[in-house]
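The values are calculated or read from the model by the stated rules, or taken from the named source; none is laboratory data. Everything numeric in this text was worked out from a predicted model, so none of it was measured. Glycine gets a Cβ as well: all are built from the backbone with ideal geometry, and neighbour counts include every protein chain shown. Ligands, DNA and RNA are stripped out before the accessible areas are found, and what is left, the full protein with its side chains, is counted by its heavy atoms. Shrake-Rupley method; radii C 1.70, N 1.55, O 1.52, S 1.80 Å.
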Amino acid sequence: MSFFEALGAAFKGSAPAERPQLARPFASPWLFADGAGGALPYEYRGAVNRAYLENPVAQRAVRMVAEGVASAPLKSGDDDLRKLVTATSAGQALLETLAAQVLLHGNAYVKVIKDAANRPVELFALRPERMAVEPGADGWPVAFRYRVGDSQVSLPIVDDLLYPNVVHIRDFHPVDDHYGAGCLSAANEAVAIHNAAARWNRVLLENAARPSGALVYDAGDGATLTTDQFERLKAELANAFQGAGNAGRPMLLEGGLKWQSLSMSPADMDFATLKSSAARDIALAFGVPPMLLGLPGDNTYANYREANRALWRLTLLPLADKILRAIAEGLSPWFPDAELAVDLDRVPALSEDREKLWSQLSEADFLSDDEKRAMLGLPPRPVRPDPASVEEQVAQGAAKDEPRSARAKAGESER
């Protein structure tokens, strides 16, 4: 063995030759989101609270995508598989939960719950920030570690019979071998800007919807206020003149004091534009056309119908296809030939596309009926027998039977 071959074998370790070695992380990058120590620039639980629980634009965008994926009509060749996917588990809809987790976190994990006969009876979506990959010697995952507080359990990827225990669904991450990248990390700054602008407007409204002013002391002889006088004036202003409840209350000033309002330019106070820009960035991160969220000033789409069709074509269908393909692949040992996909013919938002396709195919005279049906995703039309050919076959059968009947009659006469 040459030096380079030995060096390559040392790096490969015990990994199979056909599988490249992966990185071996010692802990999940999302463990800190569930209470583990360590401060990182992006903290998942805080980002979820700021976006999904506090920001109306982000919550509406995530709910629109997740509920759209869950409402998509499915087609499956196996009723048991379709019932598994569409059933609720612990009160949560599987597809809606998985779509929201993939959007926010970038990863989704499905626990396959089996009966005594090792058949799947329930699919449960695990919290992705509680999951961590347990890699083998070659870096490829062999199990998942599910952690809740101080307790944790190891979930092997497959059981003793090599049937899957957990199905991992993830978005693409360019610099990670085991975890996906969610949309929330890209929308985090836009959410912070939108929330900060909303807080600024609220505080401004509480202060009579105008910037604060200043008390100017001018005694004429160059004297200044004492410390006690300064603290007393500041306390009186805070208690009697700040807040929405004190708006419009008259102010009584002593000698040497005068009120000077502090104004801001219209450009400095144009937080509505700032909020709209941040809201569009949030909608862009989650793949929702801003028009569908009611954001003003967005003329990207000619009408609401085109925006809704773009949402389905560019966001809902790719995400649903990713989730359904992963589930079908994970459950393939039990349902090897079953199909699990969105039935495009039953999606109302795509009705115009179907009408255009049907019109184009009906006018295509150079295509046969079977070719047109194949382009529409339909099976070939069953072949019906020709009536003329049926009559010929009946006549041929009668001709064959005639000599037999003659011989039978001859035998009867001899008897």
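Numerical summary
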{"quantity": "Filtered residues of the range 334-371 (kept if more than 25 Å from residue 69 (Cα to Cα) and either polar (S, T, N, Q) or touching a Phe, Trp or Tyr at 6+ places or on another chain (Cβ under 9 Å) (or both))", "calculated": "359, 360, 362, 368"}
{"quantity": "Failed condition for residue 350, given (1) open to solvent by less than 20 Å² (accessible area, probe 1.4 Å); (2) in contact with a strand residue (DSSP E or B) (Cβ under 7 Å, 6 or more places away or on another chain); (3) modelled with pLDDT under 85", "calculated": "(2)"}
{"quantity": "Residue match in the range 116-125 (condition: under 22 Å from residue 319 (Cα atoms), under 16 Å from the mean Cα position of the chain (by Cα) and surrounded by 14 or more Cβ atoms within 10 Å (Cβ to Cβ))", "calculated": "yes"}
{"quantity": "Checking residue 149 against (1) free of Cβ contacts under 8 Å to residues at least 24 places away in the same chain; (2) surrounded by fewer than 17 Cβ atoms within 10 Å (Cβ to Cβ), the condition it does not meet", "calculated": "(1)"}
{"quantity": "Criterion violated by residue 308 - all others in (1) assigned to a helix (DSSP H, G or I); (2) touching a residue at least 40 places away in the same chain (Cβ under 8 Å); (3) open to solvent by less than 20 Å² (accessible area, probe 1.4 Å) satisfied", "calculated": "(3)"}
{"quantity": "Which listed residue is in a helix (DSSP H, G or I), in contact (Cβ under 8 Å) with a residue 24 or more places away in the chain and over 19 Å from the mean Cα position of the chain (by Cα), from 350, 361", "calculated": "350"}
{"quantity": "Identity of the residue in the range 167-194, in a strand (DSSP E or B) and open to solvent by 10 Å² or more (accessible area, probe 1.4 Å), that ends up farthest from residue 109 (Cα to Cα)", "calculated": "170"}
{"quantity": "Residue under evaluation residue 138, criteria (1) closer than 21 Å to residue 349 by Cβ; (2) buried (at least 16 other Cβ atoms within 10 Å of the Cβ), criterion not met", "calculated": "(1)"}
{"quantity": "Among (1) at pLDDT below 75; (2) touching a strand residue (DSSP E or B) at 6+ places or on another chain (Cβ under 9 Å) - the single one residue 87 does not satisfy", "calculated": "(1)"}
{"quantity": "Of the criteria (1) open to solvent by 60 Å² or more (accessible area, probe 1.4 Å); (2) farther than 30 Å from residue 191 by Cα, which one residue 87 fails", "calculated": "(1)"}
